[in-house]
Every structure is written in structure tokens, then in C-alpha cells.
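Notes follow once the structure below has been shown.
The values are calculated or read from the model by the stated rules, or taken from the named source; none is laboratory data. Fair warning: this is a prediction, and the values are worked out from it, not measured in the lab. Positions of Cβ are generated from backbone atoms using ideal geometry, with glycine treated the same way; all protein chains shown enter the neighbour counts. Each accessible area value is taken on the protein alone, full model and side chains, heavy atoms only, with ligands, DNA and RNA left out. Shrake-Rupley method; radii C 1.70, N 1.55, O 1.52, S 1.80 Å.
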Amino acid sequence: MASICGSDLHVYRGLESGLDHGTVMGHEFTGIIEEIGRDVRKFKKGARVLSPFTTSCGECFYCRIGLTCRCEKGNLFGWVQNGQGLQGAQATYIRVPMADNTLLPLSSDLDEKKGLLLGDVFSTGYFCADNAGIKPRAVYVVIGCGPVGLMTVLAAKHLGAEKLFAIDVLPERLAMAEQLGAIPLNPSLHDVTAEIRNNTSGRGVDAVMEVVGSDKALKLAIDLLRPGGTISSVGVHTANNFSFSPAEAYDKNLTYKSGRCPARFYSEKL
């Protein structure tokens, strides 16, 4: 079972270029092992497994510190350039290098759909909330309530966020965010900046979790943030420059955290 990620759509729409023609997309998947290589020790044929979106060796510096997405030997599934890389999971079969350290067994209480979320969507949402440094009695906002945004809302509430706003323009997404415990805000209907200011004594929120990957979302993030706050950004940005200046970051005493989620590390944790 494979999913379609927003970053797959970046490639499809031409926002990312350079992939070899014929590259099989798809980097979040669950499956059943059909064959094993001679170096595989942890898995047998017929095992149900889930995979994060990158391979990892489990032994290098980055794997040892939990930054499995930057494994020195790792690759991203569904990304082949100049003949180098790995084919993806939107196919009947997929080859998984370094399987002992890349794959995780699907336990009996996890069905394939839940396992699929662990490989990217839920792990990335939790990573975003984790980087926001959630604390009780603080105020937070999630920008973007697609699948990863909703998982960010879920994770932020789990980590202790008491007052959490969620911003999106689609009513059905906002309704789901509200079910998960967030206060919905639709920028096409409300002045979200004024609403946030009114709820924070004019300061702004303690942290913004940006899950969209657009200039407008990042600009809104810094506008909503209080001085000394944190922007946790997991949206895949393709612009050449930030939508705020170094001077704006300086004036906000901004902490900005971004990057690819170490999904193997978080999959096991979650």
C-alpha cells in the first residue's frame, strides 16, 4: 500500500526538476516481504512491514544521533537522477536496500493504513510539533490542515498544547482540526492576524507550525509570531529565498527550525 505525498505533487507540477524520465514515484508504503537478500537477518518472507521515506544504515554518525533522514548511505525512495537513486512504491514491487535498518515490522495492532501514516505523514507532523517546543499555557498555531497539518494538530495536543489555532481555507479540513482539539480559523472569512493578537494580549503566538511550504505561509508565520518565538517548518519550500528578511528575523529574535523529518527515528518512537 502506497500513498501520494505533497512532495510527489511538487515533481508532477514541475516545481522540482531533474528526475530521470520513468522514475517510479512514492516514498511512503507498507507491504509484505516477497524475497530477502543474503544480508537480511531481521525479516523473513511473508513479514508485514512499514517503511519510512528514506533508507538508513543504522550505523553512521547521523543514524546514531537519530537524524536518520541524513544517513550517509541513505537514499530517498522515488527519486532517481542520472541513473542514481531508488525507485518508489507506486508499483507492484519495491526493492529496499539496508532493509534490516530501514524497515520496521507492522505489529499485530497496526493495520496497513496506520502503518502508512507512520512512514511519513504522522512522523512528519509529530516532528513539526516536537520542534515547536510545546509547553503548557502557551499559545500555538498550525498553518495548513492537510494530512500532515492534521497530524501536527494531533501531536501538538498530545504534547500538551492547551490553546492551539489551526489555519486553512477548506472548511472540511478545519472541521477535522476542530475535532482534534484546535480552534479553526479561515483566512478567507477572518482577519487571522487580528484574531491571534486578540488572544495573546497583542504579542503573537509562542510558536508557529508551518506545514504548507509556500511563501505566503512563511510570511504569515512570522507575522503571527511573538518576539522570541519559534517557527517550526516542515512544508517543502521550492522558492530561492525566504519570504522574510534577515533583519525581520533579527528583530523578532526568531528561532527557525526546518528540514526533512527523520522518519525512521520517529516511526519507531510513535
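From the list ASP39, ASP8, the lone residue that is surrounded by fewer than 20 Cβ atoms within 10 Å (Cβ to Cβ) and in contact with a helix residue (DSSP H, G or I) (Cβ under 9 Å, 6 or more places away or on another chain) is ASP39. Restricting attention to segment 238-261, the residues that are open to solvent by less than 60 Å² (accessible area, probe 1.4 Å) and closer than 14 Å to ASP215 by Cα total 5.
Among the residues of segment 180-193, is there at least one that is under 16 Å from LYS252 (Cα atoms), outside any loop (DSSP other than H, G, I, E, B), open to solvent by less than 60 Å² (accessible area, probe 1.4 Å) and not β-branched (Val, Ile, Thr)? No, the conditions are met nowhere in segment 180-193. Here the condition is being touching a helix residue (DSSP H, G or I) at 6+ places or on another chain (Cβ under 8 Å), open to solvent by less than 30 Å² (accessible area, probe 1.4 Å), farther than 30 Å from SER201 by Cα and in contact (Cβ under 8 Å) with a residue 24 or more places away in the chain; of GLY66, GLY125, GLY144, GLY88, it holds for GLY66 alone.
From the list GLY6, GLY14, which residue is under 22 Å from GLY115 (Cβ atoms), small (Gly, Ala, Ser) and out of contact with any strand residue (DSSP E or B) (no Cβ under 9 Å at 6 or more places or on another chain)? Let's see the steps before the verdict.
Working: GLY14 fails: under 22 Å from GLY115 (Cβ atoms).
Going through GLY6, GLY14 in turn, just one is under 22 Å from GLY115 (Cβ atoms), small (Gly, Ala, Ser) and out of contact with any strand residue (DSSP E or B) (no Cβ under 9 Å at 6 or more places or on another chain): GLY6.
For segment 103-121, a residue qualifies if it is within 16 Å of GLY26 (Cα to Cα) and not charged (D, E, K, R), and the qualifying residues are LEU103, GLY115, LEU116, LEU117, LEU118, GLY119, VAL121. Scanning segment 11-33 for residues that are part of a loop (DSSP other than H, G, I, E, B), surrounded by 15 or more Cβ atoms within 10 Å (Cβ to Cβ) and polar (S, T, N, Q) yields one hit, THR23. When segment 150-174 is filtered for residues that are open to solvent by less than 30 Å² (accessible area, probe 1.4 Å) and within 26 Å of SER201 (Cβ to Cβ), the ones remaining, listed by number, are THR152, VAL153, ALA156, GLY160, ALA161, LEU164, PHE165, ALA166, ILE167, ASP168, LEU174. Just one of the numbered conditions (1) over 21 Å from LYS113 (Cβ atoms); (2) touching a strand residue (DSSP E or B) at 6+ places or on another chain (Cβ under 8 Å); (3) open to solvent by 60 Å² or more (accessible area, probe 1.4 Å); (4) not aliphatic (A, V, I, L, M) is not true of GLU72: (2). Looking at segment 53-91, which of its residues are β-branched (Val, Ile, Thr), in a loop (DSSP other than H, G, I, E, B) and within 22 Å of VAL11 (Cβ to Cβ)? If the condition is that a residue be β-branched (Val, Ile, Thr), in a loop (DSSP other than H, G, I, E, B) and within 22 Å of VAL11 (Cβ to Cβ), then THR55 is the only one that fits. Please determine whether any residue of segment 34-47 is among the aromatic types (Phe, Trp, Tyr) and not in a loop (DSSP other than H, G, I, E, B). No, that holds for no residue.
Scanning segment 231-265 for residues that are touching a Leu at 6+ places or on another chain (Cβ under 8 Å), of a type in the set (Ser, Thr, Tyr) and closer than 17 Å to GLY133 by Cα yields a single hit, SER233.
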